[in-house]
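To start, the structure itself, in structure tokens.
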Amino acid sequence: MEEIISGFIQAFQLIVSLNPELLEVTALSLFISLSATAIAALIAIPLGGVIHFREFAGKRVLITIIQTLYSVPTVIIGLLVFLIISRSGPFGFLGLLFTPGGMIIGQTVLIMPIMIGLTITALSGIDRNIRDTLISLGATELQSIARIVQEAQFAILGAVILGFGRAISEVGVAMMIGGNIRGETRVLTTSIALETGMGNFGLSIALGIVLLAIALVVVLIMNLITSGALADSDKILGGPRA
Amino acid sequence: MIRISGLCKKFGDCEVVSGIELEIRRGEIFSLIGPSGSGKTTLLRLIDLLDRPTNGSITFDGMRTDGPEHERRTVRRRMAMVFQKPGVLNTTVEQNIAFGPEFRGVLQETIRTRVSAALEMVGLSEFSKRRAITLSGGEMQRVAIARALVTMPEVLLLDEPTANLDPLSTEIIENLIVSINREKKTTVVIATHDMAQGQRLTHRMGVMMNGQLVQSGYLYEIFYHPLNRAIATFVGINPIRGGVVESNENNLATIVFNGIRIQALTAFHEGVRVAVCIRPEEVILALPNVCAPASSARNCLTGTIQHLLPFGPFTHVHIDCGIPLTALLTRRSCEELGLAKEKQVTATIKATAVHVIPDT
């Protein structure tokens, strides 16, 4: 019990004094996970759109596979990406193993399914009638897709934020691809694992608090966004009208 | 304007519309009328080139429409469709209305002018900055109409535009449709299951049943000369079945129903089994022993009132004269005549008001 209390006190001191190591690890974590989220979103949203709007054989099967991959263990993605970018792998020549670049690739692969899947769900939530309306108003296929994505923006943003949440909180890829090299690839989660092993509970707890604080910010942003949507539905349900 | 021939649409094995032959004329209001599920929406979607027909063709202003998508879009951009559900997007009223011209790459300045003109026309100018999804059902449907109008369509397609709306909103939208047709000379095709609406708005009408266009023509033809029993029932007549043509001289026929004789104008020959359609408003009621008011009337039947059924400001009087007859009277005349159940009355019908159809 004493250990925990003293750990919290130490953590408080580290955070308040803006401990350089703590800041460095936090900054790298944010950089890697935000990059992975941005890249994954750029690929996943259009891809989700294409899967939703096009009719093709095996569409149902593909969506089921994507949904299954929501819960793929991070270590499996770690293993897969490791095999591809390690020296002897097909992309070994790029020298990405044990670099932040490699970690970004790993996290991008990890969160892609959840973003594609939730984008498809978000688009399915838009009434079929809206698409017909846009086409009948003379929209080209691209114009109508762009407009429908915009219509589903809140739900799609939710998908992106969820992807970020998964990226920043995972250990498997960061550990296997990054290697937890101090000052280079050490991030919040791998740091917590290491410091706990070494008995530095104060630093571990401090890192944990920072991680939770980031999660809190994510939740707050999400609530802010959905409250915008909720305000709309209030009006639909007969709330105050301007 | 639009010529449809041999049009057929299947979804899987299910033939939703088949064998449609129809011409929509420039500048008219044409209504497609029929019960729910009769294929009206499918036909409108085919006309708007949203779906491709399984068979048959549609020409728009002399142009074929079976080309690739970009050609069909060029034609589609000369039309606009308003769906049963208004389908407004989650943005301002103004932006909702601007979609059509934006998709066509019209200059922003021109769009602004056109949008405010359209808002003016549908009477929603003060709502331009409001979020469209916060409007009432009737207002949203007006947004949908304004959104169609800004594209300056040559043909406006409306699919049940007033279903689910209150009478006041319905009236606003009906007036709007008529004024669009008059002022902008826009050809209008409206699908509705509301007979009275079809009657109020349109010049010509097509009746759809089970995916087929069973009759089309001017209102008078549809309402007074339905081609068969199903159409007659739909336009508000209960055909009286089981008649046989007893004699026919120069198209003035006598038809016998269980000993009751009715005279009608028809070309059916002696011995043919027929049903007759008599519109309730063509039946004139009087108390018995009172001389029939219309001396030219050929048919005079006496019967007992079965029941009286209120119908808005009117009353439907169901009479048994050996054959079932229905008369439509104002409430006031019912009271003045002192009509009540079991009372005896005389019904008078002109031979010209009796429409004869085959009894099949």
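The values are calculated or read from the model by the stated rules, or taken from the named source; none is laboratory data. All values derive from a computational prediction rather than experimental measurement. Here the Cβ is made from the backbone with ideal geometry for all residues, glycine too, and neighbour counts use every protein chain on show.
Could you check, for the range B:299-315, whether at least one of its residues is without any contact (Cβ under 8 Å) to a residue 12 or more places away in the chain, touching a strand residue (DSSP E or B) at 6+ places or on another chain (Cβ under 9 Å) and not aromatic (Phe, Trp, Tyr)? Checked against the condition, which is being without any contact (Cβ under 8 Å) to a residue 12 or more places away in the chain, touching a strand residue (DSSP E or B) at 6+ places or on another chain (Cβ under 9 Å) and not aromatic (Phe, Trp, Tyr), the range B:299-315 yields at least one hit.
Within the range B:314-360, can you find the residues that are farther than 12 Å from B:Ala286 by Cα and small (Gly, Ala, Ser)? Within the range B:314-360, B:Gly322, B:Ala340, B:Ala351, B:Ala353 meet the criteria.
Going by what's in this entry, would B:Tyr220 be described as closer than 21 Å to B:Ile24 by Cα and in the same structural domain as B:Phe83 (by TED's automatic domain parsing)?
Values: closer than 21 Å to B:Ile24 by Cα: yes; in the same structural domain as B:Phe83 (by TED's automatic domain parsing): yes.
Taking the combined requirement at face value, the residue satisfies it.
For (1) more than 11 Å from chain A (Cβ to nearest Cβ); (2) over 18 Å from A:Ile148 (Cβ atoms), each residue gets a yes or a no:
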position: B:Ile58; (1), (2): yes, yes
position: B:Thr65; (1), (2): yes, yes
position: B:Val75; (1), (2): no, yes
position: B:Met79; (1), (2): no, yes
position: B:Gln95; (1), (2): no, no
position: B:Glu109; (1), (2): yes, yes
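Number of residues in the range A:1-28 that are on the phi > 0 side of the Ramachandran plot and hydroxyl-bearing (Ser, Thr, Tyr): the value is 0. For A:Phe82, the conditions (1) of a type in the set (Phe, Trp, Tyr); (2) surrounded by fewer than 15 Cβ atoms within 10 Å (Cβ to Cβ); (3) assigned to a helix (DSSP H, G or I) all hold with the exception of (2).
Only one of the numbered conditions (1) under 20 Å from B:Met152 (Cα atoms); (2) crowded, with 22+ Cβ neighbours inside 10 Å; (3) more than 14 Å from chain A (Cβ to nearest Cβ) is violated by B:Ser31, and that is (1).
Every residue, every condition in (1) charged (D, E, K, R); (2) facing another protein chain (nearest Cβ under 9 Å); (3) touching a Ser or Thr at 6+ places or on another chain (Cβ under 6 Å); (4) touching a residue at least 24 places away in the same chain (Cβ under 8 Å), yes or no:
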residue: A:Gly106; (1), (2), (3), (4): no, no, no, yes
residue: A:Val109; (1), (2), (3), (4): no, no, no, yes
residue: A:Thr119; (1), (2), (3), (4): no, no, no, yes
residue: A:Ala122; (1), (2), (3), (4): no, no, no, yes
residue: A:Arg128; (1), (2), (3), (4): yes, no, no, no
residue: A:Ala139; (1), (2), (3), (4): no, yes, no, no
residue: A:Ser144; (1), (2), (3), (4): no, yes, no, no
residue: A:Val149; (1), (2), (3), (4): no, no, no, yes
residue: A:Ile161; (1), (2), (3), (4): no, no, no, yes
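Could you tell me whether any residue of the range B:82-105 is assigned by TED's automatic domain parsing to the domain that holds B:Asn164, more than 30 Å from the chain's Cα centre (by Cα) and of a type in the set (Phe, Trp, Tyr)? The answer is yes, given that some residue of the range B:82-105 is assigned by TED's automatic domain parsing to the domain that holds B:Asn164, more than 30 Å from the chain's Cα centre (by Cα) and of a type in the set (Phe, Trp, Tyr). Is it true that B:Leu124 is in contact with a strand residue (DSSP E or B) (Cβ under 8 Å, 6 or more places away or on another chain), within 14 Å of chain A (Cβ to nearest Cβ) and over 18 Å from B:Ser31 (Cα atoms)? Criteria not met by B:Leu124.
For B:Leu149, indicate whether it is within 25 Å of B:Leu89 (Cβ to Cβ), modelled with pLDDT under 95, touching a helix residue (DSSP H, G or I) at 6+ places or on another chain (Cβ under 6 Å) and within 12 Å of another protein chain (Cβ to nearest Cβ).
On the way: within 25 Å of B:Leu89 (Cβ to Cβ): yes; modelled with pLDDT under 95: yes; touching a helix residue (DSSP H, G or I) at 6+ places or on another chain (Cβ under 6 Å): yes; within 12 Å of another protein chain (Cβ to nearest Cβ): yes.
Here the answer is yes, as B:Leu149 does meet what is asked.
Tell me, which residue of the range B:232-291 that is within 27 Å of the chain's Cα centre (by Cα), β-branched (Val, Ile, Thr) and assigned to a strand (DSSP E or B) is farthest from B:Met209 (Cα to Cα)? Step through it out loud before you land on a result.
Applying the first criterion (within 27 Å of the chain's Cα centre (by Cα)) to the range B:232-291 yields B:232-241, B:264-266, B:274-284.
Subsequent filtering for residues that are β-branched (Val, Ile, Thr) retains B:233, B:235, B:237, B:240, B:266, B:274, B:276, B:278, B:283-284.
Adding the requirement that they be assigned to a strand (DSSP E or B) leaves B:240, B:274, B:276, B:278, B:284.
Numbers: B:Ile240: 21, B:Val274: 22, B:Val276: 21, B:Ile278: 22, B:Ile284: 32 Å.
The qualifying residue farthest from B:Met209 (Cα to Cα) is B:Ile284.
Collect the residues in the range B:118-156 that are assigned to a helix (DSSP H, G or I) and either more than 28 Å from the chain's Cα centre (by Cα) or without any contact (Cβ under 8 Å) to a residue 40 or more places away in the chain (or both), keeping them in residue-number order. Across the range B:118-156, the qualifying residues are B:Ala118, B:Leu119, B:Glu120, B:Ser125, B:Glu126, B:Phe127, B:Ala132, B:Ile133, B:Thr134, B:Gly138, B:Glu139, B:Arg142.
Limited to the range B:324-344, what total is found for residues that are closer than 21 Å to B:Pro239 by Cα and surrounded by 19 or more Cβ atoms within 10 Å (Cβ to Cβ)?
Of all residues in the range B:324-344, those closer than 21 Å to B:Pro239 by Cα come to B:324-329.
Remaining after also requiring surrounded by 19 or more Cβ atoms within 10 Å (Cβ to Cβ): B:325-327, B:329.
Qualifying residue count, the range B:324-344: 4.
Tell me which residues, restricted to the range B:83-93, are more than 9 Å from chain A (Cβ to nearest Cβ) and either crowded, with 20+ Cβ neighbours inside 10 Å or touching a residue at least 60 places away in the same chain (Cβ under 8 Å) (or both). The answer is B:Val93, and nothing else.
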